[in-house]
Structure formats: C-alpha cells, structure tokens
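Since the structure comes first, as structure tokens, the remarks are kept for the end.
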Amino acid sequence: MTKITVVGSASMDLVVTSSIRPGAGETVLGESFKTVPGGKGANQAVAAARLGAEVTMIGCVGDDHLGKSILDNFKANGINTDYMGVIEGMESGTAHIILAEGDNSIVVVKAANDHVTPDHIDKAVDVIKASDIVLIQQEIPEETVVYVSELCGKYNVPLMINPAPARSVPQDVVEQASYITPNEHEADILFGKESLSDVLRRYPNKLIVTEGKKGVRYFDGKEEVVVSGYSVEAVDTTGAGDTFNGAFAVAIAEGMNIKDSLKFANRAASLSVTKFGAQGGMPTRSEVEESL
C-alpha cells in the first residue's frame, strides 16, 4: 500500500450557510450552522486515505473538545495519529466559513497548528523517511515547511507543496519540491509579475497550477497542457483543492503519469463538491474509478 505522510493543519470548520454574503458592517440571516472537521492538512490526509493510501498525519490539536473530535475523525478514516500532538492549555485550530452565492469565504485561526514546529517534526523523522511522498501546506509555521523540505531532500523523499494560504516560499524550498500546486492567485504570490507561461516552462512537470472548475495547467517539457475539470452541480466547494492534492499525491505515488494523475485528481475534486463539508463529499477509490 502506498505510504503518504501529511504535515499540516488540523482544525474544526464552523460553517454558516446563507443565500447572500454580508458586506462590511452588514448583518444577514443565515440558513444553517454546522461544525465539521477540516484544516488543509487534515483534509488532504482524509482525501488520500479514502482513495486507498496508508496515511500518517503529523500535526497538533488543542486539549479541548474540538481536538478530541478531530483525532476521532482521523481514526474513523483509518489515519495514523501517532504523531499528532495535543497541546495543553491551547485551543484547536478553527476555520470560520461562509457558504454563499455558490462559493466560500474563510477566516482561519491557527491556534494549536502554530505548534507544528521543527521540534515536533523531529519525532516523526522515521515515518517521513519511509514515505512514498510527503504533502505539506502553509497553515503551519514557515520554518516547519523549510525544515520538512530539507528532510525530504536529505532522505530523497518526494515532496508536494500546496502553497496555501498564499505566502511567499523560499527559493530553496521551491527548488527542492517535487511538485508545487498553487492556484492562480497563489502562483502570483510565489512568482510575482513573471508571466505564468514563463514560470511553467521554468518548472516543467513540477509546477501544477489549478484553475478551479476549468481544470489544471502545467508544462510537460514540450508544451503547455490543460487538463480539463469536470462539470458538476456544486453544493459546497470547501475542500475541493485539498481533495485534488490528496488524490494527485496518491496517483503519483502509485506510479501514474502526470496527466493521468491530474485527471484522477480532477475527478476526485469534482465529486467532493457535490456534498456538504470539506470532507463530507471526499470520494472513495471506487467512486472515482467508476466515474472516470
């Protein structure tokens, strides 16, 4: 079984649904409120596990009731939690999400996720060394992203970086990564005013730019390739990008070529938006394969 390690955030999503999005200083009446597990790292871990990978999650939660729920959810999805720290006296991370007008707006409070430090990573070096691929995002300290990059380089472990939320990434980390998966906005933050086509050509088969329902774009060494997305009736787009990353990691680690891996990931992401919650619609392996 493919071994995937996810280093990143684990949070609880507090989700409000409304027909309209409030403007500054405005109050509107919502339609529902739900609490569901989330966090970019956790979402990617659950996505990969449901698609058949053996997944280990490295992260931190608080010693509150939300932290217990987050850990219980990992276990329910068959994810190894041996390297999940519980931080005394600290709240678990939360994401405050408004679903309105067919899209989402999110405010993230990192809380315990700020304790995913290099010292915490040191406890999990052996599992990183044994991984077929490592996934990391940016809801944890930047120094940890750099440190994990160095470890993966040292032990020759493929590293996939999902640079979200958007912030600059040190050039050494960019060079070390096997795959980088920004959306268009994140790509602008990473690479500045340089044209996307020029940047893609500089990182062939490595820089994968997601473009929402339009699909994804990359340069295969000869030409720019767009792998189209799938048209579905979206219920909740939260977690679609995380589903894409988890699925892409599974496919690549299993030895699929990049184009087929991206088709697989696009299909998984499209299925994920048809149900409520970041993880609620994440598909199983059979669901993806039957719909391809």
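All of the numbers you see were taken from the coordinates with simple rules; none came from a lab. Keep in mind that what you see is a predicted model, and the values were worked out from it rather than measured. Glycine also receives a Cβ, built like all others from the backbone with ideal geometry; neighbour counts cover every protein chain displayed.
The table below lists the values:
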item: Which numbered condition Ala253 fails, given (1) under 26 Å from Glu290 (Cβ atoms); (2) touching a Leu at 6+ places or on another chain (Cβ under 8 Å); result: (2)
item: Residue count for the range 242-292, restricted to those that are among the hydrophobic types (A, V, I, L, M, F, W, C) and assigned to a loop (DSSP other than H, G, I, E, B); result: 6
item: Of the criteria (1) surrounded by 20 or more Cβ atoms within 10 Å (Cβ to Cβ); (2) over 17 Å from Ala247 (Cβ atoms); (3) under 16 Å from the mean Cα position of the chain (by Cα), which one Glu184 fails; result: (1)
item: Options Ala130, Ala112, Ala124: the member that is touching a strand residue (DSSP E or B) at 6+ places or on another chain (Cβ under 9 Å) and more than 21 Å from Ala53 (Cβ to Cβ); result: Ala112
item: Number of the exception - Asp122 against (1) more than 25 Å from Gln279 (Cα to Cα); (2) of a type outside the set (Gly, Ala, Ser); (3) touching a residue at least 24 places away in the same chain (Cβ under 8 Å); result: (3)
item: Qualifying residue in the range 127-137 (condition: out of contact with any helix residue (DSSP H, G or I) (no Cβ under 9 Å at 6 or more places or on another chain) and not aliphatic (A, V, I, L, M)); result: no
item: Any hit, the range 28-46, residues being assigned to a loop (DSSP other than H, G, I, E, B) and in contact with a helix residue (DSSP H, G or I) (Cβ under 9 Å, 6 or more places away or on another chain); result: yes
item: Answer from Ser149, Ser105, Ser131 - the residue that is farther than 23 Å from Asp236 by Cβ, small (Gly, Ala, Ser) and not in a helix (DSSP H, G or I); result: Ser131
item: Check on Glu139, in a helix (DSSP H, G or I), surrounded by 19 or more Cβ atoms within 10 Å (Cβ to Cβ) and under 15 Å from the mean Cα position of the chain (by Cα); result: no
item: Subset tally (residues that are over 21 Å from Met282 (Cβ atoms), in contact with a Ser or Thr (Cβ under 8 Å, 6 or more places away or on another chain) and among the basic types (Lys, Arg)) for the range 19-74; result: 1
item: Matching residues, the range 198-229, being small (Gly, Ala, Ser) and under 28 Å from Glu150 (Cα atoms); result: Gly221
item: Inter-residue pairs, beta-carbon under 7 Å, first on the phi > 0 side of the Ramachandran plot and in the range 222-251, second of a type in the set (S, T, N, Q) and assigned to a helix (DSSP H, G or I), 6+ apart; result: Gly239/Asn43; Gly239/Ser272
item: Val46 vs. criteria crowded, with 23+ Cβ neighbours inside 10 Å, of a type in the set (Val, Ile, Thr) and over 30 Å from Asp132 (Cβ atoms); result: no
item: Members of the range 212-237 that are surrounded by 15 or more Cβ atoms within 10 Å (Cβ to Cβ) and of a type in the set (Asp, Glu); result: Asp236
